[in-house]
1. For the chain, with all protein chains present and a 1.4 Å probe, just round the carbon and sulfur fraction of the accessible area to a whole percent.
2. What distance in nm separates the simple spin-label points at residue 77 and residue 292, each placed 7 Å from Cα in the Cβ direction?
3. Can you compute the modelled spin-label distance between residue 44 and residue 24, with each label point 7 Å from Cα toward Cβ, in nm?
4. Between residue 96 and residue 197, what is 0.36 nm times their sequence separation minus the Cα-Cα distance? Round to one decimal in nm.
5. What length, rounded to one decimal in nm, is gained on full extension from residue 220 through to residue 110, with 0.36 nm per residue of separation minus their alpha-carbon distance?
6. Please figure out what share of the DSSP beta bridges in the chain is antiparallel and state it in percent, rounded to the nearest 5.
7. Can you work out the accessible area per residue across the chain, with the rest of the protein chains kept in place, probe 1.4 Å, in square angstrom?
8. Longest segment of the chain with no trypsin sites (Lys or Arg not before Pro) in a DSSP loop having at most 13 other Cβ atoms within 10 Å?
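The values are calculated or read from the model by the stated rules, or taken from the named source; none is laboratory data. These numbers come from a predicted model, not from an experiment. Note that we place each Cβ from the backbone using ideal geometry, even for glycine, and neighbour counts take in every protein chain shown. What goes into the accessible areas is simple: the full protein's heavy atoms, side chains included, and nothing from ligands, DNA or RNA. Shrake-Rupley method; radii C 1.70, N 1.55, O 1.52, S 1.80 Å.
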Amino acid sequence: MSQPEPDRTIGVLLMAYGGPNSLEEIPAYLRDVREGREPSAELIAEMTHRYATIGGRSPILELTQAQARGIERELNASGGSERFRVLVGMRHWHPYIREVVPEMLAAGVNEIVPVVMAPHYSRMSVGRYLQRVREALAAQGAATPLRPLERWWDEPDFVAAIAERIEQGLARFVPESREDVYILFTAHSLPERILQWHDPYPEELRRSVEAVAEVAHPARYGFAFQSQGASAEPWLGPSVEETLERLAAEGVRNVLMVPIGFVCDHVEVLYDVDVEHRGQAEALGIRLERTASLNDAPLLCRAVASAVRARLAQPAEAEAGRGA
């Protein structure tokens, strides 16, 4: 017996930062990140070095597309009256969010659920992605209902996925040293001025770490911010650099870093953690390992699919209002 046709199509727009597909694209990519301002020769050289070190390009597009396929499978697995189409748009490189929104509209989606592949909300990060979606809809003159998914760090499957990665990471240490491994959770730093907005980002990270700790039961753990920007303004701390200095002074010799704020491999994991932070740790006499990125792990896909379903049960943006 054939299945009935779905009553409506839900478009899920999966969004990530974007990254260059080759070393030659780096100057143009940096201009986009800098909103049209010309990058210095020094910045181009530094970023070229970083991407050359991790293979000559960013893997973020392919990994986000793999996540999209997994999430779409999860969403459509139960059948029902809705059909889900999950597409990928990037904030700072192709395919841009503004390029993908018209594609979704042409496909006849009845609603759009924008999802940033960053579990924790900040107006400065997630909020900017969502604004790009609203701008793209306005440019098309579309009145398609929008149900932004602003945060999903508290999804049980996301918590379980991070806890599973910690267990796998600890297995790299000899059994007798595992109780002495310090678990260092990290996420991208943001300028301190977000605190003036009462931005929820630091508190969501704290609660997210505690949720994972309740499942993973680490003997010792803490949190630090990584990948601070190059601007002179103060950034959220403590930084990974100063935290590693402190841990070395306290006699810690084994660290497992858990980049809980990132869900796939990209330059801020493959270079910032695997090269810079590991190099600093080695110089301090610390063995530093990192949990494997979630990428398109089934638990990650299940977590996002669950959050999308929950968001669909709530009012659309026009009814619910906007903001954090």
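1. 49
2. 1.9
3. The answer from the label model is 1.4 nm.
4. Here the segment from residue 96 to residue 197 would lengthen by 33.6 nm.
5. 34.8 nm
6. 5
7. The answer is 45 Å² per residue.
8. The reported range is 38-321.
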